[in-house]
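Structure first, then comments.
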Amino acid sequence: YGKMLKHRYIPIYIASLLLMFHTFVVAYINSSFLEQFIKADSVGIIYIIASALTVLIFLIISRVLHKVGNFKLTLWLLIINGLAVFTLAYADTLRVAVPLMALHLIMIPLIVFNLDVFMEEHIGNDEGLTGTRRGLLLALMSAVGATSPFISSELVALGGDFSYAYLASALTLIPILGILLLYFKDFQDPLYTDLKPLEAIRGFWQKPATRAVFMVHFVLQIFFMTMVVFTPLYLIKSVGLTWAEFGIIMLFGQAAYAIFEYPIGIAADRYIGEKEMMALGLMIMAVSTAWISFVDTPDVLLWIIIMFVTRTGASFVEVTTEVHFFKNAKSSDAQIISFFRVTRPLAYLVGAIISSVALLYLPFNLLFVVIALLMIPAMF
């Protein structure tokens, strides 16, 4: 037991992978679940509200951590999120489903942040194998991210509704709670830095390299938001694919992350350089995302190719933005690093607003052209 405590990176690995499964086994069905209660072009409003609240919570989260500590906060967030997702499996009215979905969407980025605190303290301090361990975790998470949408689609096809997927998601949190209670009850909290938005914005705006990579990372997160929320709605409702077919498409499409991310990180370090690979990735994303708008045939193989190409571009950008950001940000840049963590909920907020406005004036398929156009200024 003492030896295992010494190597807490293994429990963190397992908890991170389980949390990724918990998130992604429902991520691609959340919008379709909501569409049972509200119109497709109103789904973005739920994401706008949840993302705005998440950003506000991130502004005060360090104060909460000072008072209750990371262990207790993570414990309560897991319990609340678990109850919300479990109840979603049986929710059949708008009054129950929408608030619980918003709560789930708020909880996930916060729990990811909390696990990141554990990871930084236990993996970050052991310099010997840090790169190898983080690289392995990235590869494993990519594999989980690839298989989770396939599993959720199979569960939807099996049950005829979304309940099995939400039950599977909720049950996945039980072993995470066990890991937390077994290994992190005695966790010593580090000194948390309060996020000061104006200071953080001023900090990265004065550094051209950091500012540019932040903006590219922001656009990437908007792309992720669109793919997760609106691609299932488009492929199932407009194109006419079944959930089983959608699961197969996403299994092969998401595999691009597992195939490319680790080698891209090595290539960017040793051979080509992050900026060139980042630009190439954005170009691939722009073309392939726009391509979605002009395909309306339920050809599974064609959609596998399209999704694989979009994720290939995204894998280039995801790895190179992370590498380039942390190469240019020093450990003393606490405000900038804290602000970088808020990128995801902030991008989900902006992405949901852009998508909701676009759907008011454009046909559903042209939404993907709008998102593709964002990649062009990001390339420059």
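The values are calculated or read from the model by the stated rules, or taken from the named source; none is laboratory data. Since the structure is predicted, the reported quantities are computational estimates derived from the model, not experimental observations. Quick reminder, even Gly has a Cβ in these numbers, built from the backbone with ideal geometry, and neighbours come from all protein chains shown. Surface accessibility is based on the protein's heavy atoms, side chains included, excluding ligands, DNA and RNA. Shrake-Rupley method; radii C 1.70, N 1.55, O 1.52, S 1.80 Å.
How large is the Rg to Rh ratio of segment 52-122 when both quantities use alpha carbon positions and Rh follows Kirkwood? Don't jump to the answer; show the numbers that get you there.
Values: Rg = 13.4 Å, Rh = 13.0 Å.
Computed over Cα atoms, the ratio is 1.03.
Short version: what are the Cα gyration tensor semi-axes of segment 266-321, square root of 5 times each eigenvalue, largest first, in whole Å?
That gives 27, 10, 6 Å for the three semi-axes.
Using the Kirkwood formula on the Cα atoms of segment 179-252, what hydrodynamic radius do you get, in angstrom to one decimal? Can you show the working numbers first?
Working: mean 1/r = 0.0590 Å⁻¹.
It works out to 16.9 Å.
Compute the signed sum of charges (Lys and Arg +1, Asp and Glu -1) over the other residues within less than 15 Å, Cβ to Cβ, of Phe218.
On the way: positive: Arg211, Arg341, Arg344; negative: Glu318, Glu322.
Spelling it out: positives minus negatives among the neighbours equals +1.
Using the Cα centre of segment 232-380 as the reference point, and only Cβ charges (+1 on K/R, -1 on D/E), how large is the resulting charge dipole? Debye, rounded to the nearest 20. Provide the component values of the computation, followed by the final result.
Values: 8 positive and 10 negative charges, 62 e Å.
Charge dipole of segment 232-380: 300 debye, to the nearest 20.
Any chance you could list the semi-axes, whole Å, largest first, of the equivalent ellipsoid that the Cα gyration tensor gives for the chain, using √(5λ)?
Values: eigenvalues 181, 135, 85 Å².
For the chain, the semi-axes come out at 30, 26, 21 Å.
As a test of the formula, what do you get for the chain when each DSSP H run with n ≥ 4 contributes -39,500 (n - 2.57) and the sum is divided by the residue count, at 222 nm and rounded to the nearest 500 deg cm²/dmol?
Working: 17 runs with 304 residues, N = 380.
So the calculated ellipticity at 222 nm is -27000 deg cm²/dmol.
For the chain, give the percent of accessible area contributed by carbon and sulfur heavy atoms, probe 1.4 Å, rounded to a whole number. If you can, show how the numbers build up before the last one.
Numbers: 11510 of 16700 Å².
That fraction is 69 percent.
Taking the Cα centre of segment 126-267 as the origin, how large is its charge dipole in debye, to the nearest 20, when only Lys and Arg (+1) and Asp and Glu (-1) carry charge on their Cβ atoms? Walk me through the numbers before you get to the answer.
On the way: 8 positive and 10 negative charges, 86 e Å.
Dipole of segment 126-267, to the nearest 20 debye: 420 debye.
What is the Cα centroid distance between segment 218-244 and segment 45-85, reported in whole angstrom?
Taking the Cα centre of each part, segment 218-244 and segment 45-85 sit 26 Å apart.
If contacts are Cα pairs under 8 angstrom and at least 6 residues apart, what is the relative contact order of the chain in percent?
Working: 486 pairs, mean separation 102.0, N = 380.
Worked out over the chain, it gives 27 percent.
Helix check for the chain. Which DSSP H runs span at least 24 Å along their own axis by Cα, with a mean Kyte-Doolittle hydropathy no less than 1.6? Before the final figure, lay out each step's value.
Numbers: long enough: 9-27 (26 Å, 1.87); 43-68 (35 Å, 2.09); 70-88 (27 Å, 1.57); 94-122 (42 Å, 1.38); 130-159 (42 Å, 0.89); 208-233 (38 Å, 1.53); 243-270 (41 Å, 0.81); 274-292 (27 Å, 1.06); 300-328 (42 Å, 1.03); 343-361 (27 Å, 1.40).
Qualifying helices, which must be both long enough and hydrophobic enough, are 9-27, 43-68.
In debye, nearest 20: dipole of the chain around its Cα centre with unit charges on the Cβ of K, R (+) and D, E (-)? Don't jump to the answer; show the numbers that get you there.
Numbers: 23 positive and 24 negative charges, 170 e Å.
Roughly 820 debye for the chain.
Which one of Ser355, Asn81, Thr226 has its Cα pushed farthest toward the positive end of the charge dipole of the chain, where Lys and Arg give +1 and Asp and Glu give -1 at the Cβ?
Ranked along the dipole, the leading option is Asn81.
What is the sum of charges around Lys72, taking Lys and Arg as +1, Asp and Glu as -1, for the other residues whose C-beta is under 13 Å from the C-beta of Lys72? Write out the running numbers ahead of the final one.
Values: positive: Lys67, Lys185; negative: Asp186, Asp189.
Result for the local shell: 0.
Rolling a 1.4 Å sphere over the protein heavy atoms, what is the accessible area per residue of the chain, to the nearest Å²? Please list the in-between numbers first.
Values: 16700 Å² over 380 residues.
On a per-residue basis, 44 Å².
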